[in-house]
Amino acid sequence: MASNLVSYLMQFLTPDVIARLAAALGLDTDKVQRGVAAAVPAVLAGLAGVAAQPGGAQKVADAAGQQSGVLDNLGGLLSGGGQSPLMQSGSQLLSSLLGGNVSGALASSIGNYSGLGQNAGNSLLGMLVPLVLGGIAKNTGGDLSANAIGGLLAGQRDNIAAAMPSGLRDMLAGTGLLDSLGGAARTATAAGSDAAARATSSAATAARTTAATATTATRSGSNWLYWLLAGLVLLAILYYLFGRPAQRTAEQTPPEPQAPAQTETQPAQPQTPAPAETQTQPAQPETQTQTQPATPAAPSLTVAGVDVGKQVTDTMAELQTTLNGVTDAATAQAALPKLQTATDTFNKVDGMLGQLSAEQKAALSGLVKPGLTSLNALFDKVLALPGVSDVLKPTIDALKAKLATLAP
């Protein structure tokens, strides 16, 4: 029995199989790949919900028994006209197990999330349901009892929730299909939010540090100015106390005092501009000191009602969480839709750059750069894993290029 049922099933859904699925349905391969990675955990979540109901585990076990040999004959089923009976059988099983309303909502969500549309989403689900049920039967080693199937699905809740793309999870939130996952679904959602909060907190800490540094510099400059002014006042007092009596003594003495009087008045002239000159020089630092504190305030990154900064930090945080979960080709396949969603988000942000001022672009670059080093290291680490590069390299290369654009 595999420790991760989602990864186990994705091993059979190789890029070649997905290409054949797309060809059989006449659909775009990239969209089918995105739909497959989202549909597998979604179907498992629905089956787990059925198995948790009284008598439901036996229904799932019976359905899995009907499809137990599907994976052994996958090549034949996807060619030579075998795909039509497979799709029809899968659609009937899904509707029978989940109910018409839930299966319809699932098909619509898969179609919208992948970009295939509802009808194509329904066709893709019809093809995948027999494969998922056949994989469950194969994974249990032939034990198709209700207890074995129910225990298997109940024990896989965390893995199913972790593989579910956040965008699809939001679409299915009101359908009841995710109820069987319970706290696991909430934990998966909170993981991305917590990571985003940590990224936002780091950015806020950096901003506070910058502001504190500027404030310290301002206070230092102000203290220097105050000491200079105090020195000038002291010089004026000394001049008044010692210079004025000398002038009065000179006025009381007949002709001789005129020379000293001139001597006294001559130094008085250079001393008069000296304080004035000294007073005009600190006026410039005072003006600079007053204007500097306004600079550290980060400009708003909201464009047309969209908080671009939050979108970027949230997406980078979710990227890190997703990449840390990639360990092999199967988990890479499951992670692909999330990486493509991140690429879409960064593309939208890139499209808004023309609406940002120079200050806003600098602030956006300051949000991206701190996490760029760790993300690039994660990209390289993931691509070095066996079989992962074939699945993720094109998407990761696009992500690297787009992040470099946002943080020049």
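A quick yes/no check of all residues on (1) buried (at least 24 other Cβ atoms within 10 Å of the Cβ); (2) among the small types (Gly, Ala, Ser):
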position: Leu9; (1), (2): yes, no
position: Arg20; (1), (2): no, no
position: Val36; (1), (2): yes, no
position: Gln67; (1), (2): no, no
position: Gly75; (1), (2): no, yes
position: Gly99; (1), (2): no, yes
position: Val102; (1), (2): no, no
position: Gly117; (1), (2): no, yes
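Of the helices (runs of 4 or more DSSP H) entirely within segment 1-74, those holding at least 2 residues that are of a type outside the set (Phe, Trp, Tyr), over 13 Å from Ile149 (Cα atoms) and within 34 Å of the chain's Cα centre (by Cα) occupy 5-10, 15-25, 29-51. Condition first: surrounded by 24 or more Cβ atoms within 10 Å (Cβ to Cβ) and under 17 Å from Gly126 (Cβ atoms). Can you find one or more residues in segment 46-55 that meet it? Checking segment 46-55: at least one residue is surrounded by 24 or more Cβ atoms within 10 Å (Cβ to Cβ) and under 17 Å from Gly126 (Cβ atoms). Exactly one residue among Ala120, Ala154, Ala137, Ala148 is over 24 Å from Leu27 (Cα atoms), under 31 Å from the mean Cα position of the chain (by Cα) and of a type in the set (A, V, I, L, M, F, W, C), and that residue is Ala154.
Against the definition (under 28 Å from Gly115 (Cβ atoms) and not basic (Lys, Arg)), how does Ala384 come out, yes or no?
Spelling it out, it is not the case that Ala384 is under 28 Å from Gly115 (Cβ atoms) and not basic (Lys, Arg).
For every residue, the table says whether it meets (1) over 19 Å from Thr313 (Cβ atoms); (2) at pLDDT 85 or above.
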| residue | (1), (2) |
| --- | --- |
| Asn139 | yes, yes |
| Leu153 | yes, yes |
| Ala163 | yes, yes |
| Ser166 | no, no |
| Ala185 | yes, no |
| Ala190 | no, no |
| Ala196 | no, no |
| Thr200 | no, no |
| Ala206 | no, no |
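Looking at Ala335, Ala377, Ala401, Ala358, just one residue is in contact (Cβ under 8 Å) with a residue 24 or more places away in the chain and either charged (D, E, K, R) or not assigned by TED's automatic domain parsing to the domain that holds Val17 (or both), and that residue is Ala335.
Check segment 141-159 and report whether any residue there is assigned by TED's automatic domain parsing to the domain that holds Asn73, out of contact with any strand residue (DSSP E or B) (no Cβ under 8 Å at 6 or more places or on another chain), aliphatic (A, V, I, L, M) and outside any helix (DSSP H, G or I). The answer is yes, given that some residue of segment 141-159 is assigned by TED's automatic domain parsing to the domain that holds Asn73, out of contact with any strand residue (DSSP E or B) (no Cβ under 8 Å at 6 or more places or on another chain), aliphatic (A, V, I, L, M) and outside any helix (DSSP H, G or I).
Which of the residues spanning segment 382-393 are surrounded by 13 or more Cβ atoms within 10 Å (Cβ to Cβ) and free of Cβ contacts under 8 Å to residues at least 24 places away in the same chain? Answer for segment 382-393, where residues must be surrounded by 13 or more Cβ atoms within 10 Å (Cβ to Cβ) and free of Cβ contacts under 8 Å to residues at least 24 places away in the same chain: Leu383, Ser389, Lys393.
The values are calculated or read from the model by the stated rules, or taken from the named source; none is laboratory data. Computed from a prediction, not measured in an experiment: that's the story for all the values here. Because the Cβ atoms are built from the backbone with ideal geometry, glycine has one as well, and the counts that use them run over all protein chains shown.
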